[in-house]
Amino acid sequence: MSNQLQTETSPYLIQHKDNPVHWYSWNEEAFQKAKELEKPIFLSIGYSTCHWCHVMAHESFEDEEVAELMNEAFICIKVDREERPDVDGIYMTAIQLLTGSGGWPLNVILTPDKKPFFGGTYFPKESRFGRIGMLDLVPRVSQVWKTDKEKAVSSADSLTEAIKRYSSSDIGVTLDDNIFKSAFGDLLTRFDETYGGFGERPKFPTPHNLAFLLRYWKNTNDDKALKIVTKTLEEMSKGGIWDHIGFGFHRYSTDQQWLLPHFEKMLYDQALLAVAYTEAFQATKNELFRETAEKIFDYVLRDMQSPDGGFYSAEDADSEGEEGKFYVWSIEEIRKILQKDSDNFIKVFNINETGNFFEEATGQRTGSNIPHLKENINELALKLKIEPTALKENIEISRQKLYEEREKRIHPLKDDKVLVDWNGLMIKAFAKAYKVFGVEKYLRAAQSAVNFISKQMQNEDGELNHSFRNNKKTEEAFLDDYAFLVDGLIELYQASFEPRYLKSAIELNNKSIELFWDSEDGGFFMKSQNGEELITRQKEIYDGAIPSGNSVAMSNLLKLALLTGNNELEQKADQLSKAFSKSVENNPSVYTQLLCGLDFALKNPKHIIFSYKEDSKELKEKINELNRKYEPNQLITLITNQTVDELSALNLDIKSKVPVEGKISAYICTNKSCSEPINDISQVI
């Protein structure tokens, strides 16, 4: 046997192709070999930009002594969690049930029939501070397997049954709007009034919490909800979690102040946070939120879009073997590069001689600095006795110089695989931003990504593939791929009013029902009924770093029901909410994306249908005015002579919505009924 990863396309698996560990990818050959040799399986799951995955790889998987032990005791399998979220989801649940927590790297010991009986996250090479090391762990597990295999198998059977119970629906009654107050109360309790965000450390962005809170504020006029959103977004944009030199958000903050991030940049964070800042701008008209959203898009278009239009997955935290090295600065570097302008930059971004970048393991200062703000530029300008506009211009010139110098450094690895689900999130973000800001390149970016997916990642039967890299499609798609792409297509129709995007959204939504819907208990499975059989077929509803596919699918069902008049979709959404209602009632603040869908269902969403014969500059301006308002539960359909036939095929009621007396006419539909036609568009506004 030898390492089998040489032919893989995943950047994460390729990182391990030269390990002395005899890695297999997740395939039937590996499981057959485990059965033939009666060996347990060592399953290691991670992703290419995971810092602690790199650490464990260097310490253990590249070490001949550890590798020899592993090769003797196990059949070893490597999995990229971004390529196989279904496999990752099952075994993450196993480790959470075993240990009470989880994370990556994820290392699990399985029986040859894929059932887990032991595992954890990071294991060092040698045992230290109560954490068992690989040199001790492997012989112990091997000994148990040789001398007490029945106990290990029995433990695996029990844990597998627990995973199945955990993954099943918890059916209750239809949720009502009392759940919103409960979720708000939970979030208010956890809100950090000093630094924004929730809890102490580490701090994750969780943009879906902010999306829910904006909707709660809209419905209740409770300014505390709006304060949580604005304070969090302001503090994040000042902190080190935001890349002040090249833009974009790092993955999360290791401290309470948003200063010290884990430096990897994930596409999904850019997408979700861009939406949060765009919606916050709609609600408040705070220019900081617009500027931050636009800078996120600048970063994504510059560094994360392929020439063919798809969006790459992530950028690593490490370069030259050190986390954050690409992003930090000594005060001497800044003085040398900026010369006479360095004093302003040093004061504005809190650069100092000893550095503010601490080694996480030791707590020692490194002499390096993470640029960050403690006050906004206008406040700083007053203290420095500089006119705010002049200070901003000076800082921007300095930023560009530092960016150009930083580009000469060795870059972190870019994970250049294209994932449909994360691209769906980015398509939505660009489409929404075009609606609100009117920037044409945002619309083009969303359209290019859709074109890429339809050309490269969709089969003739309409089914999607999950991942694409080096001209190879890998893995059939999962629920998240369909749900997030449908969400993006609905938003893209709202931005462009091209019926083809609405048609694609409907077709993919129908395909997701065909492949993933649970006809017995309601809700969607993560994995297709046609896919590989794993030890259980999971359903996911928890809104973690990324919203769950079920939460997004609920909003899709409701929006498409409103746009098409198909009440069966609304019934599906009701079944979905019932399927998970007990879990949501028990802890509503961890299902905030689902609550956004529930808000759409319960708060009388509006469908505004504009009907006119030809293109109208006046109507476009009025729609732009509507789009600049914060109305999260509003959808618009545009009917012209050119689109009426296509739209009528999607919604039979469209043909009755004709322009009256040849004028632009509007119909406002809510609560299953539509108004008489309105010819005064200002009245609609």
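Of the residues Gly549, Gly522, only one is within 19 Å of Ser581 (Cβ to Cβ), touching a residue at least 40 places away in the same chain (Cβ under 8 Å) and surrounded by 24 or more Cβ atoms within 10 Å (Cβ to Cβ); which? Step through it out loud before you land on a result.
Working: Gly522 fails: surrounded by 24 or more Cβ atoms within 10 Å (Cβ to Cβ).
Selected residue: Gly549, the only one of Gly549, Gly522 that is within 19 Å of Ser581 (Cβ to Cβ), touching a residue at least 40 places away in the same chain (Cβ under 8 Å) and surrounded by 24 or more Cβ atoms within 10 Å (Cβ to Cβ).
Could you please find all residues in segment 461-488 being of a type in the set (Lys, Arg) and either in contact with a strand residue (DSSP E or B) (Cβ under 9 Å, 6 or more places away or on another chain) or more than 12 Å from Lys417 (Cα to Cα) (or both)?
Once the filter is applied, which keeps residues that are of a type in the set (Lys, Arg) and either in contact with a strand residue (DSSP E or B) (Cβ under 9 Å, 6 or more places away or on another chain) or more than 12 Å from Lys417 (Cα to Cα) (or both), segment 461-488 yields Arg469, Lys473.
Here are Glu618, Glu585, Glu661: which of them is at positive phi, part of a helix (DSSP H, G or I) and surrounded by fewer than 18 Cβ atoms within 10 Å (Cβ to Cβ)?
Just a single option satisfies the conditions, and that option is Glu661.
Does segment 478-492 contain at least one residue that is surrounded by 24 or more Cβ atoms within 10 Å (Cβ to Cβ), assigned to a loop (DSSP other than H, G, I, E, B) and at pLDDT 95 or above?
Within segment 478-492, one or more residues are surrounded by 24 or more Cβ atoms within 10 Å (Cβ to Cβ), assigned to a loop (DSSP other than H, G, I, E, B) and at pLDDT 95 or above.
Take the residues of segment 96-143 that are part of a helix (DSSP H, G or I) and β-branched (Val, Ile, Thr): which is nearest to the chain's Cα centre (by Cα)?
Thr99
The rows are residues; the columns are (1) crowded, with 23+ Cβ neighbours inside 10 Å; (2) among the polar types (S, T, N, Q); (3) within 20 Å of Ala152 (Cα to Cα).
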site: Glu83; (1), (2), (3): yes, no, no
site: Ala94; (1), (2), (3): yes, no, yes
site: Tyr122; (1), (2), (3): no, no, no
site: Ser127; (1), (2), (3): no, yes, no
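Could you give me the residue pairs with C-beta distances under 7 Å whose first residue belongs to segment 154-183 and is at positive phi and aliphatic (A, V, I, L, M), whose second residue is part of a helix (DSSP H, G or I) and crowded, with 18+ Cβ neighbours inside 10 Å wherever it lies, and which are 6+ apart or on separate chains?
none
Could you please tell me which pairs satisfy a Cβ distance under 9 Å, a separation of 6+ or placement on different chains, a first residue in segment 110-121 that is of a type in the set (Val, Ile, Thr), and a second residue that is assigned to a strand (DSSP E or B)?
Matching pairs, first to second residue: Thr111/Ile41; Thr111/Phe117; Thr121/Leu106; Thr121/Asn107.
Residue under question is Ala156, and the condition is that it be outside the structural domain of Thr278 (by TED's automatic domain parsing), buried (at least 17 other Cβ atoms within 10 Å of the Cβ), among the aliphatic types (A, V, I, L, M) and closer than 26 Å to Ile95 by Cα; does it hold?
Criteria met by Ala156.
Confirm whether Lys385 is at positive phi and either out of contact with any Ser or Thr (no Cβ under 7 Å at 6 or more places or on another chain) or in contact (Cβ under 8 Å) with a residue 24 or more places away in the chain (or both).
Details: at positive phi: yes; either out of contact with any Ser or Thr (no Cβ under 7 Å at 6 or more places or on another chain) or in contact (Cβ under 8 Å) with a residue 24 or more places away in the chain (or both): yes.
Yes; evaluated as a whole, the condition is true for this residue.
Tally time: how many residues in segment 589-611 are surrounded by fewer than 20 Cβ atoms within 10 Å (Cβ to Cβ) and either assigned to a loop (DSSP other than H, G, I, E, B) or free of Cβ contacts under 8 Å to residues at least 12 places away in the same chain (or both)?
Final tally of qualifying residues: 2.
Kindly indicate whether any position in segment 189-212 is in contact (Cβ under 8 Å) with a residue 40 or more places away in the chain, touching a helix residue (DSSP H, G or I) at 6+ places or on another chain (Cβ under 7 Å), part of a helix (DSSP H, G or I) and surrounded by fewer than 18 Cβ atoms within 10 Å (Cβ to Cβ).
no
Is it true that some residue in segment 297-314 is small (Gly, Ala, Ser), in a loop (DSSP other than H, G, I, E, B) and touching an Asp or Glu at 6+ places or on another chain (Cβ under 6 Å)?
First, the residues of segment 297-314 that are small (Gly, Ala, Ser): 306, 309-310, 313-314.
From the residues that got through so far, the ones that are in a loop (DSSP other than H, G, I, E, B) too are 306, 309-310.
Now narrow it down to the ones that are touching an Asp or Glu at 6+ places or on another chain (Cβ under 6 Å): none.
No.
Would you confirm, using the coordinates I've provided, whether Ser577 is part of a helix (DSSP H, G or I), surrounded by 17 or more Cβ atoms within 10 Å (Cβ to Cβ), touching an Asp or Glu at 6+ places or on another chain (Cβ under 7 Å) and of a type in the set (Ser, Thr, Tyr)?
Values: part of a helix (DSSP H, G or I): yes; surrounded by 17 or more Cβ atoms within 10 Å (Cβ to Cβ): yes; touching an Asp or Glu at 6+ places or on another chain (Cβ under 7 Å): no; of a type in the set (Ser, Thr, Tyr): yes.
Against the criterion (part of a helix (DSSP H, G or I), surrounded by 17 or more Cβ atoms within 10 Å (Cβ to Cβ), touching an Asp or Glu at 6+ places or on another chain (Cβ under 7 Å) and of a type in the set (Ser, Thr, Tyr)), Ser577 does not qualify.
Residue by residue, here is whether (1) surrounded by fewer than 23 Cβ atoms within 10 Å (Cβ to Cβ); (2) modelled with pLDDT of 95 or more holds:
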position: Thr9; (1), (2): yes, no
position: Val21; (1), (2): no, yes
position: Ser48; (1), (2): no, no
position: Val55; (1), (2): yes, no
position: Gly102; (1), (2): yes, no
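Please name all residue pairs, on different chains or six or more residues apart, with Cβ atoms under 9 Å, provided the first residue is in segment 129-144 and is loosely packed, with under 14 Cβ neighbours inside 10 Å and the second residue is among the aliphatic types (A, V, I, L, M).
Pro139/Leu69; Pro139/Ala73; Arg140/Ile132
Could you list, ordered by first residue, the pairs with Cβ atoms under 6 Å in which the first is in segment 555-575 and at negative phi and the second is of a type in the set (D, E, K, R) and in a helix (DSSP H, G or I), at least 6 apart or interchain?
Close Cβ pairs satisfying both conditions: Asn556/Asp487; Leu557/Lys572; Ala561/Glu570.
State yes or no: is Ile535 in a loop (DSSP other than H, G, I, E, B), farther than 30 Å from Gln683 by Cα and in contact with a Gly (Cβ under 9 Å, 6 or more places away or on another chain)? Reasoning before the result, please.
Working: in a loop (DSSP other than H, G, I, E, B): yes; farther than 30 Å from Gln683 by Cα: yes; in contact with a Gly (Cβ under 9 Å, 6 or more places away or on another chain): no.
Spelling it out, it is not the case that Ile535 is in a loop (DSSP other than H, G, I, E, B), farther than 30 Å from Gln683 by Cα and in contact with a Gly (Cβ under 9 Å, 6 or more places away or on another chain).
Could you run through segment 496-519 and say how many residues are crowded, with 19+ Cβ neighbours inside 10 Å and under 23 Å from Pro307 (Cα atoms)?
1
The values are calculated or read from the model by the stated rules, or taken from the named source; none is laboratory data. Since we're looking at a predicted model, the values are computed, not measured. Glycine also receives a Cβ, built like all others from the backbone with ideal geometry; neighbour counts cover every protein chain displayed.
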